[in-house]
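Here is the structure we will look at.
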Amino acid sequence: MLATMRKQLRSHPALIPLLFFISGGAAMSMMYLARLAIRNPDVSWDRKNNPEPWNKMAPTDQYKFYAVNLDYSKLKKQGPDF
């Protein structure tokens, strides 16, 4: 399969940027999925020791990927402890 791809790239060099951007997009999407699986409080990998990880987050923890105008260090807790 790699030999066929190499042969096609040598005969059609215009495919090289296409392959580069497709592989880069696939790599970035896999990194984003890994980030969601690791850092998102909705995902629970250890149900015995931490069955509800969203209850143990501090109000200053930033778990969103991008916050426009929100400074997480100045937030106060608004709900009760469970």
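Where the second residue is among the aromatic types (Phe, Trp, Tyr) and surrounded by 10 or more Cβ atoms within 10 Å (Cβ to Cβ) and the first is under 17 Å from Met57 (Cβ atoms) and free of Cβ contacts under 8 Å to residues at least 24 places away in the same chain and lies in the stretch 25-47, which pairs have Cβ atoms under 8 Å and are six or more apart or on separate chains?
As it stands, the answer is Asn40/Tyr63; Pro41/Trp54; Pro41/Tyr63; Asp42/Trp54, since those pairs meet every condition given.
Give the stretch 37-46 a look and list any residue that's open to solvent by 60 Å² or more (accessible area, probe 1.4 Å) and in a helix (DSSP H, G or I), or say none. Working first, answer last.
Taking the stretch 37-46 and keeping what is open to solvent by 60 Å² or more (accessible area, probe 1.4 Å), we get 38-39, 42, 45-46.
Ile38, Arg39, listed by residue number.
Collect the residues in the stretch 4-27 that are of a type outside the set (A, V, I, L, M, F, W, C), open to solvent by 80 Å² or more (accessible area, probe 1.4 Å) and in a helix (DSSP H, G or I), keeping them in residue-number order. Walk me through it before giving the result.
Restricting attention to the stretch 4-27, the residues satisfying the condition of being of a type outside the set (A, V, I, L, M, F, W, C) are 4, 6-8, 10-13, 17, 23-25.
From the residues that got through so far, the ones that are open to solvent by 80 Å² or more (accessible area, probe 1.4 Å) too are 4, 6-8, 10, 12-13.
Scanning the stretch 4-27 gives Thr4, Arg6, Lys7, Gln8, Arg10.
The values are calculated or read from the model by the stated rules, or taken from the named source; none is laboratory data. Given the structure is predicted, the values throughout are model-derived calculations rather than measurements. In this analysis, Cβ positions are derived from the backbone assuming ideal geometry, glycine residues included, and neighbour counts consider all displayed protein chains. Note: accessible area is taken over every heavy atom of the protein model, side chains too, but ligands, DNA and RNA are not part of it. Shrake-Rupley method; radii C 1.70, N 1.55, O 1.52, S 1.80 Å.
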